[in-house]
Amino acid sequence: MVLKNTRAAATLPPEAIRALELQSIGNTVDAEAHFRNAMSKYPRDARVLYALGAMLIQEKRLEEAEAILHKAVTVQPSHAESWHTLGVILVGARRVKEALSCFEKAVKIRPDFTEALTGIGEAMIMQTKWREAERRFVAALKIRPDYTRARHGLARALLEMNRLHDPAQRANIIKALERKGIDSGRIVFMVATPGWREHMAVYDQIDLTLDPMPFNGCTTAFEALWMGVPMITLEGSWMGGRVGMAMLKALGHPEWVAETEEEYIAKAVALAENVDLRRALRVPQREKMRASPLCDYSGVARALEDAFRHMHGRA
């Protein structure tokens, strides 16, 4: 997570500008030193604190990032970006009520802040408040119609509310896909199946699963892999967005895990076009899965026991 607004970055103190330059080439150690030097000289500049917090998130030092961002919103409560980024950390920690408060503050400061509006929607999904989530995603898409995260979130909310039977909702989804160059004849809306066997049989009609983001498929991902369907996932920054990655690595297919949206698309296209590979993988995949850590129930139980003992020892 690097500060992308070059005009805004240019107005930062010289030490912070140098820190961003070092961060951009991967020298985060020296970048942090320059950020902290800038903090000592400009302790009430929320932009410096925000930039350092963003880098700490990238380094997965989330507790430190949270503390820095709390400091940023304390010295400058009107800094919307810090409120939003703090909310992202809190969502990842499953502190949803706190996260919602941060996102709401960001939107109050900047009503057109699509990332924060989408963050509210995603947090509402975590609370199973589907209609509230839908409202926020729609608001974000009115501002940025092509915003991928909001579209994914809206589709999830509509699915959960079983609204895809509504012709108007289907028409909206078809129009959105057509704007991306997808012919409407390629789009199929699946109806609910009467039972589990019929549900699992649907996977026989699927060549490739695209794991949704930022909330991974979880149960449906496991089902697809069990039925021999390959899956592409995008590695997320929080638990709910890293389930697909964990499954695929345990299955022995780390090559199906993407680190960027561009890589996600490239991997999906490559696997979709490689019919022979998909055919060769489909039949043996269930036995491979059965022999993998994904189905090692005793091993998982022992690992969980060890984790509990470790936590108890630290208490």
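The values are calculated or read from the model by the stated rules, or taken from the named source; none is laboratory data. Quick caveat: nothing in here was measured; it's all calculated off a predicted structure. Cβ coordinates were reconstructed from backbone atoms using ideal geometry, including for glycine residues, and neighbour counts include every protein chain displayed.
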Qualifying residue in the stretch 83-91 (condition: at negative phi, touching a residue at least 12 places away in the same chain (Cβ under 8 Å) and surrounded by fewer than 21 Cβ atoms within 10 Å (Cβ to Cβ)): no
Qualifying positions in the stretch 189-226 - touching a strand residue (DSSP E or B) at 6+ places or on another chain (Cβ under 7 Å) and at pLDDT below 85: M213
Residue satisfying all of: in the stretch 100-120; farther than 19 Å from A157 by Cα and within 19 Å of the chain's Cα centre (by Cα); surrounded by the fewest Cβ atoms within 10 Å (Cβ to Cβ) among these: F113
Among residues of the stretch 57-95, those that are part of a helix (DSSP H, G or I), of a type outside the set (D, E, K, R) and farther than 18 Å from G240 by Cα, counted: 13
Filter result for A157 (at pLDDT 85 or above, closer than 16 Å to R135 by Cα and part of a helix (DSSP H, G or I)): yes
Residue within the stretch 22-30 that is of a type in the set (A, V, I, L, M), assigned by TED's automatic domain parsing to the domain that holds R95, loosely packed, with under 14 Cβ neighbours inside 10 Å and not in a helix (DSSP H, G or I) present: yes
R18 being closer than 24 Å to I109 by Cα and at pLDDT below 95: no
Subset of the stretch 179-195 (residues that are part of a helix (DSSP H, G or I) and in contact with a helix residue (DSSP H, G or I) (Cβ under 6 Å, 6 or more places away or on another chain)): S184
Subset of the stretch 216-244 that is small (G, A, S) and assigned to a loop (DSSP other than H, G, I, E, B) - its residue that is farthest from E261 (Cα to Cα): G228
So R136, is it crowded, with 16+ Cβ neighbours inside 10 Å, of a type in the set (K, R) and either modelled with pLDDT under 95 or more than 25 Å from F35 (Cβ to Cβ) (or both): yes
Looking only at the stretch 278-289, and only at residues there that are part of a helix (DSSP H, G or I) and more than 28 Å from the chain's Cα centre (by Cα), the one that is surrounded by the fewest Cβ atoms within 10 Å (Cβ to Cβ): E287
Of the criteria (1) of a type outside the set (A, V, I, L, M); (2) over 30 Å from I17 (Cα atoms); (3) surrounded by fewer than 16 Cβ atoms within 10 Å (Cβ to Cβ); (4) under 19 Å from the mean Cα position of the chain (by Cα), which one K60 fails: (2)
